[in-house]
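Values quoted throughout were computed directly from the atomic coordinates according to the rules given, and no laboratory measurement underlies them. Everything quoted here is computed from the prediction, not taken from an experiment. Glycine gets a Cβ as well: all are built from the backbone with ideal geometry, and neighbour counts include every protein chain shown.
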Amino acid sequence: LLKEASRYGMPVLLSTGFATMDEIKTAVGHLRLFNKYLPITLLHCIGGYPTAPKDANLSRILDLKELAIGLDIKNVGLSSHINEWYIDLIGVAYKISCIEKHIALKGLYRGPEDGHSLSPSEFSKFVRAVREAESAMNKPRNSFCDADMLARFVSRRDPSDWLRPIR
């Protein structure tokens, strides 16, 4: 299946649920058999439907990012089966490239994904929260935002007497 998928040259989202690092390397090798430049995204995934937050093991994203560097893979994401969608925001802090989240029209479909799928209104809240989390991380490390720069100007004291802001 992986060899066949690689023939088309389309980007591949490779779910790594319950796979060892060696198994992931083997899968990537099969994908790259016909196209060594195939765009691949490794997705951290837990096979439990739904996944309890205590079982999410989101720190494994960091292991996948390290593996991805060695395999010359640019993207790592999250395939989430967590009903509590706010837990997925941790992945944003790990600089993941995508989140796979299921959406369902509750009551119209009964299947294995129903237990962790979001309703359209929940999905809308989820997307807004992801975008806000990304925005909260938009500054380079060790830099100041505009509010900090204004506060520094207004609040810093003159070192000659420490009584008034520097002008």
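Pick out, from T16, V28, T51, the residue whose Cα sits farthest towards the positive end of the charge dipole of the stretch 1-51, with +1 on the Cβ of Lys and Arg and -1 on the Cβ of Asp and Glu.
Value computed over the given set: V28.
Quick one, could you list the DSSP H helices from the chain stretching 18 Å or more along their long axis (Cα atoms) with average Kyte-Doolittle hydropathy of -0.5 or above?
Helix filter hits for the chain: 120-136.
What do you get for Rg/Rh over the stretch 1-50 if you use C-alpha atoms and the Kirkwood form of Rh?
1.00
Using only the alpha carbons of the chain, what is the convex hull's orientation-averaged projected area in square nanometres?
Its average projected convex-hull area is 14.7 nm².
Ordered by packing density, taken as the mean number of other Cβ atoms within 10 Å over each peptide's residues, highest first, how do 137-149, 13-25 rank?
Listed from highest to lowest mean packing, they are 13-25, 137-149.
Highest first, please rank the peptides 65-76, 41-52 by the mean number of other Cβ atoms sitting within 10 Å of their residues.
Going from most to least packed, we get 41-52, 65-76.
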